[in-house]
Amino acid sequence: MGEVVELMASDGHKLSGYRAEAAGTPKGGLVVVQEIFGVNGHFRNLCDAFAAEGYVALAPALFDRIETGLELGYDEEGTARGRQLKLEIPWDDAVKDIDAAMSNLSGSGKIGVVGYCYGGSVAWLGATRLRPAASVCYYGGQIADFRDEMPNCPVQMHFGRTDPMILPEHVESIQQAQADAPVEVHLYDAGHGFSCDERGGFDADSTALAQSRTLSFLGRHLA
């Protein structure tokens with residue numbers, strides 16, 4: 001079980017975060033970036049799972065810039081609200097909050113970022129605009145919009161082949177733009193949100209493979 005901590009962004013904004021301590025000596029720190037549904041039970045569980053793997057895991061509440069303590073459901077209403085909130089937060093502000101989480105993790109060793117859905121796009125911007133040791137991006141729908149930004153660290157990406165929001169041409173455009181960068185892309189026979197066991201598109205086999213690749217990647221670059 002983790003605890004709620006307070007973070008301070010560079011612009012003076014205070015936000016909360018869920019921090020789970022590593023089991024044993026930390027392998028490093030890990031910023032876990034939320035979907036459009038906030039830092040809900042699923043993301044607290046994710047942090048706990050990464051902590052069990054040896055990482056100090058911290059999920060900053062990006063929506064605190066609009067409304068504190070927000071947790072949305074995986075239904076039509078929650079999806080619509082989350083999509084609207086995402087549009088109200090400038091990307092630069094989200095990156096500031098990732099930076100604040102990285103600062104909180106100082107002393108944990110090398111720091112990585114892993115993000116899902118909305119957080120996958122934020123994790124990409126964290127790689128290009130900050131300096132983590134590694135970044136992992138799960139089905140970030142806006143990565144293609146920022147595909148020409150160059151990462152400052154190795155990046156691993158995970159996409160579903162049948163994702164209706166991230167089309168094959170979007171993934172191909174990312175691969176072409178990043179052909180000479182340390183970016184690896186993995187595709188799965190799954191749709192959007194396949195790694196969340198509370199969403200309708202959850203795919204257990206794809207999740208297990210992606211998680212295995214994620215932990216291997218983090219183990220190489222945060223060691």
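The local environment of Asp93, defined by Cβ-Cβ distances under 11 Å, has a net charge of -4 under the rule Lys, Arg +1 and Asp, Glu -1. With neighbours defined as other Cβ atoms within 10 Å of a residue's Cβ, the residues Leu7, Leu58, Leu72, Leu87 order from fewest to most as Leu87, Leu72, Leu7, Leu58. Only Lys, Arg, Asp and Glu carry charge here, each on its Cβ (+1 for the first two, -1 for the last two); on that basis segment 128-193 has a dipole of about 240 debye about its Cα centre.
Under a model in which nothing but the beta-carbon of Lys, Arg (+1) and Asp, Glu (-1) is charged, segment 3-221 shows a dipole of about 640 debye around its Cα centre. Taking Cβ atoms as reference points and 12 Å as the exclusive limit, the residues near Leu15 contribute a net charge of -4, counting Lys and Arg as +1 and Asp and Glu as -1. Of Phe37, Phe50, the sequence from fewest to most neighbouring Cβ atoms within 10 angstrom is Phe50, Phe37.
Here's the list of lysines a cross-link from Lys86 could span, going by alpha-carbon distance under 28 Å and ignoring same-chain residues fewer than 8 apart: Lys14, Lys96. Along segment 194-201 the Karplus relation, 6.51 cos²θ - 1.76 cosθ + 1.60 evaluated at θ = phi - 60°, assigns HN-Hα couplings of 5, 9, 9, 6, 10, 10, x, x Hz to successive residues, with x for each Gly and Pro.
With Cα atoms defining each centre, segment 191-223 and segment 18-55 are spaced 14 Å apart in the structure. Counted by neighbouring Cβ atoms within 10 Å, the residues Met1, Met8 run from fewest to most as Met1, Met8. Partner aspartates and glutamates whose Cα lies under 18 Å from the Cα of Lys27, excluding those fewer than 8 positions away in the same chain, are identified as Asp48, Glu53. Other residues with beta-carbon under 12 Å from the beta-carbon of Cys196 carry, at +1 per Lys or Arg and -1 per Asp or Glu, a net charge of -3. Only DSSP H runs of four or more residues enter the estimate; each adds -39500 (n - 2.57), and after division by the residues of the chain the mean residue ellipticity at 222 nm equals -11500 deg cm²/dmol.
HN-Hα J couplings of segment 104-118 from phi, Karplus 6.51/-1.76/1.60, θ = phi - 60°, integer Hz, Gly and Pro as x? Values, residue by residue: 5, 8, 4, x, 9, x, 5, 10, x, 10, 9, x, 10, 6, 3 Hz.
Throughout, read-outs are computed from the coordinates displayed, never taken from laboratory work. Keep in mind that what you see is a predicted model, and the values were worked out from it rather than measured. Quick reminder, even Gly has a Cβ in these numbers, built from the backbone with ideal geometry, and neighbours come from all protein chains shown.
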